[in-house]
Structures are given as structure tokens and as C-alpha cells.
Amino acid sequence: MSYQSMPYWLIPQLQEIFKCLVRGEAPLLFHCAAGKDRTGISAAIILHVLGIPMETILEDYELTNHAVNYSDFMERNRNSHFGVSSGKTPLTMLDDDIRKVMFSADPDYLMSAINKIEYENGSIDGFVSNVINVNHSDQKKMRDHLLTD
């Protein structure tokens, strides 16, 4: 699956996340296996609806590279039964340069998803309104719940 197709694959999950946020159910935990791909796209869309500039969203996404070291995590938890980290796995057997790409939060990846959303829907707002089915009134409710002066 590519970053460009991921927002569409995430539609049911995004609908549920937004329903919770519109109802004021926050804090809210959402995640994926690595916490950067599906999670990063979901967070970017939420942050956009909250009015955060794309530059800041990309900087936030890139913080993953400094906050998480997936290789170290897998090594420390090699015998833990976490699934991806116990013993030799396809991830641990990849060449270092390939693993580095897979484990990094490259803003270009996120932008490829955003660009696809904008190309197909005119904007992220169009995607949120027309594809995720969160109308402007509900987006305002969400902002009212999450943003303070």
C-alpha cells in the first residue's frame, strides 16, 4: 500500500476518529503498528481541520524520527512476543538502507498523501467534508472542543 492510497483505505477509521472528536471525546488514542504511517496521515488531517499550517504539520510528523528509534525498540524487545520484534523477522533481516527508509517519517511521504487528497478532492477540507462525511458544523464542534484561547 502506498501513502497515496492510504487516506482512502483509512476512511472507516477516520470516520470513527472524527465522530469521537466531534462528540468531545478527548483525549483520544489512535495508533498503528509503527505510529507514523496511518497514524501520521490521520494526525495530519485532524491537525489541518484544527487550522494548523501544513509546515507545522510536516514538522510534527518529522519529530517521529527523533522521538522513536524502531531498530533499537526491536532489538531491546527481541524476546518480548510483540510479534515484529521476537527473533529474526523480515524487518530485522532487511538491508540497513531499506530498513532506514521503512522506519523513517519522511515528510515527502506524507505530502504525497496530502497531494493526492488535494488533487482528487480539491482540498483536504473537501476530503473531510465529502469523503469522511464530516460537515462544517461538526468540524466547528470539534474545534470548539479541542481549541482554547
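The values are calculated or read from the model by the stated rules, or taken from the named source; none is laboratory data. Fair warning: this is a prediction, and the values are worked out from it, not measured in the lab. Cβ placement follows ideal geometry from the backbone for every residue including glycine, while neighbour counts extend to all protein chains displayed.
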Asp95 being modelled with pLDDT under 70 and either surrounded by 13 or more Cβ atoms within 10 Å (Cβ to Cβ) or of a type in the set (Asp, Glu) (or both): no
Out of Asp72, Asp60, sole residue that is among the charged types (D, E, K, R), at pLDDT below 95 and either in a loop (DSSP other than H, G, I, E, B) or under 19 Å from Leu94 (Cβ atoms) (or both): Asp72
Test for Val49: is it surrounded by 14 or more Cβ atoms within 10 Å (Cβ to Cβ), under 30 Å from Asn121 (Cα atoms) and modelled with pLDDT of 70 or more: yes
Contacts under 9 angstrom Cβ, first residue in the stretch 1-15 being within 19 Å of Ser123 (Cβ to Cβ) and aliphatic (A, V, I, L, M), partner assigned to a helix (DSSP H, G or I) and at pLDDT below 85, 6 or more apart: Met6/Arg38; Leu10/Arg38
Index of the failed condition, Ala44 passing every other in (1) modelled with pLDDT under 85; (2) in a helix (DSSP H, G or I): (1)
